[in-house]
Amino acid sequence: MNNIDSHNCNLNIRYDLPDEMWDKVSSVYERMPGWIGYKSGIPYWFGTEEEDVFIEASVEPSGLSFYAQMDSDV
């Protein structure tokens, strides 16, 4: 894995949604490929930031934000 590329994606999903909607988002996270769980409240797929390849999500005022470091050779 020599070619790691970073990617950002922001979805227009408001940070102030009701809790029952965020529960549904969490349920979707768990069904996505590569899901490994939460670490300090942050959802992760494929690994954590200590590893080369990972995806994480966070809720920001601008929306639901995903950050990924992925192997561009795959």
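Structural remarks
- Filter result for the condition that a residue is in contact (Cβ under 8 Å) with a residue 24 or more places away in the chain and of a type in the set (D, E), over D16, D73: D73
- Per-region count, the stretch 23-34, residues closer than 16 Å to S58 by Cβ and without any contact (Cβ under 8 Å) to a residue 12 or more places away in the chain: 1
- Inter-residue pairs, beta-carbon under 9 Å, first within 18 Å of E50 (Cβ to Cβ) and in the stretch 1-12, second of a type in the set (V, I, T) and loosely packed, with under 10 Cβ neighbours inside 10 Å, 6+ apart: M1/V74
- For S58, the conditions (1) without any contact (Cβ under 8 Å) to a residue 12 or more places away in the chain; (2) surrounded by 11 or more Cβ atoms within 10 Å (Cβ to Cβ) are fulfilled apart from (1).
- Selection from the stretch 31-74 of residues that are of a type in the set (S, T, N, Q) and over 16 Å from N8 (Cα atoms): S40
Residues checked against (1) part of a loop (DSSP other than H, G, I, E, B); (2) out of contact with any Phe, Trp or Tyr (no Cβ under 9 Å at 6 or more places or on another chain); (3) at pLDDT below 95; (4) of a type in the set (A, V, I, L, M):
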| site | (1), (2), (3), (4) |
| --- | --- |
| Y15 | yes, yes, yes, no |
| E20 | no, yes, no, no |
| V25 | no, yes, no, yes |
| Y29 | no, no, no, no |
| D52 | yes, yes, yes, no |
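- The residue list V28, V53 contains one member that is loosely packed, with under 12 Cβ neighbours inside 10 Å and of a type in the set (V, I, T), which is V28.
The values are calculated or read from the model by the stated rules, or taken from the named source; none is laboratory data. Since this is a predicted model, take the numbers as computed values, not measurements. As a convention, Cβ positions derive from the backbone with ideal geometry for all residues, glycine included, and neighbour counts pool all protein chains shown.
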